[in-house]
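First comes the structure, then the notes that go with it.
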Amino acid sequence: MKQLLFFFLGFIVGAAVMYYSVQKRESHAEKALKQIGDITEQIMEEAEETTDEITQETERQVKEIERQAKKVEQEIMKPTRRAVGKMEESVESLQSNKVAQSGKNFKMFEKPGNCIGGSYFQVEKVMDAHYAIAQEQDYYDYTDTYLSKDLIVLFYSPEEHAFYDEQIIKIPKGKCARQLGLYNWKEYKYSDVKVIPIVQIMDK
C-alpha cells in the first residue's frame, strides 16, 4: 500500500514538473514571437518613412526639371521673338509703333484701379519714350534666375526713356503696379488683339 502511495505521489510530482516545463517553454515562445512582431513592425514603419522621403525627393526633382525645361524653352524663343519684331518694325513706320499715336487702343480709368501682379517684370518691347510691354516674372533667389509668368502689361512711366529691352523692373517695397486702364495690344502684326492692363508703379 505504501509503495502504491509513493508511486502515485511520484507520478503527481513528475506531472507537475512536466507541466511547469511546458508552460515555461510556451512563455519563451510567446516572448520570442512578440519580439519578432515588434521588429517586423519597426521595419515596416522605417520602410514607409523611406518610401515617403524617396517620393518627395522625386517630386521635387521632377518640378525642378520642368522649371529648367521651361526656362530653356523661353531662352530659345527669345531671339525668335526679337527677330520677328524687328522684321515688322522694318515694314511699319516708327510712328505706327508709338503708343502716343494709337489713342484708339486706349481705355483709361477715371482713377487708378487695383494693384496687379507681383514684384518683378521684364521688358519685352519698348513702345516709345514712356511706354513698354513687360511680362511678369518669378524670381528664384537661390539660383538668381527669373521665370516668366502669364501676365503681360503695358508699363507707363512719366519719365522719358525709362525703359530698355530685357530690363528687369523691380517694384520697390511699399509700392505696386497699379492699373490705370486697358490697352489693345498685338504681339505681331497679324496676331490676334489682346487686351492687357496699363500699369504704373505707385504707392499701395
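A single entry from 106, 163, 155 fulfils the requirement of being surrounded by 14 or more Cβ atoms within 10 Å (Cβ to Cβ) and either over 20 Å from residue 200 (Cα atoms) or at pLDDT below 90 (or both): 106.
For region 136-154, the candidate set comprises residues that are assigned to a strand (DSSP E or B) and of a type in the set (D, E, K, R); within that set, the residue that is nearest to the chain's Cα centre (by Cα) is 138. Just wondering, is there one or more residues in region 108-118 that are without any contact (Cβ under 8 Å) to a residue 12 or more places away in the chain, out of contact with any Lys or Arg (no Cβ under 9 Å at 6 or more places or on another chain) and not assigned by TED's automatic domain parsing to the domain that holds residue 70? Within region 108-118, one or more residues are without any contact (Cβ under 8 Å) to a residue 12 or more places away in the chain, out of contact with any Lys or Arg (no Cβ under 9 Å at 6 or more places or on another chain) and not assigned by TED's automatic domain parsing to the domain that holds residue 70. Scanning for something farther than 22 Å from residue 73 by Cβ, in contact with a Pro (Cβ under 7 Å, 6 or more places away or on another chain) and modelled with pLDDT of 90 or more, does region 183-191 turn up at least one residue? Scanning region 183-191 turns up no residue that is farther than 22 Å from residue 73 by Cβ, in contact with a Pro (Cβ under 7 Å, 6 or more places away or on another chain) and modelled with pLDDT of 90 or more. Under the condition of being over 28 Å from the mean Cα position of the chain (by Cα), among the aliphatic types (A, V, I, L, M) and buried (at least 18 other Cβ atoms within 10 Å of the Cβ), the residues counted in region 119-135 number 2.
Of all residues in region 177-194, those that are β-branched (Val, Ile, Thr) have Cβ atoms under 9 Å from Cβ atoms of residues that are crowded, with 17+ Cβ neighbours inside 10 Å, 6 or more apart or on another chain, in 193/185. In the condition set (1) over 24 Å from residue 70 (Cβ atoms); (2) of a type in the set (Val, Ile, Thr); (3) surrounded by fewer than 18 Cβ atoms within 10 Å (Cβ to Cβ), residue 168 is compliant with all but (1). Candidates in region 187-204 are the residues that are among the charged types (D, E, K, R) and farther than 14 Å from residue 135 by Cα; of these, the one that is surrounded by the fewest Cβ atoms within 10 Å (Cβ to Cβ) is 192.
Restricting attention to region 137-152 and to residues that are in contact with a strand residue (DSSP E or B) (Cβ under 6 Å, 6 or more places away or on another chain) and surrounded by fewer than 17 Cβ atoms within 10 Å (Cβ to Cβ), the residue that is nearest to residue 71 (Cα to Cα) turns out to be 147.
A count restricted to region 155-204 and to residues that are polar (S, T, N, Q) and not in a strand (DSSP E or B) stands at 3.
The values are calculated or read from the model by the stated rules, or taken from the named source; none is laboratory data. Bear in mind the structure is a predicted one, so any value in this text is a computation, not a measurement. Neighbour counts are summed over all protein chains in view; Cβ atoms, including those assigned to glycine, are modelled from backbone coordinates with ideal geometry.
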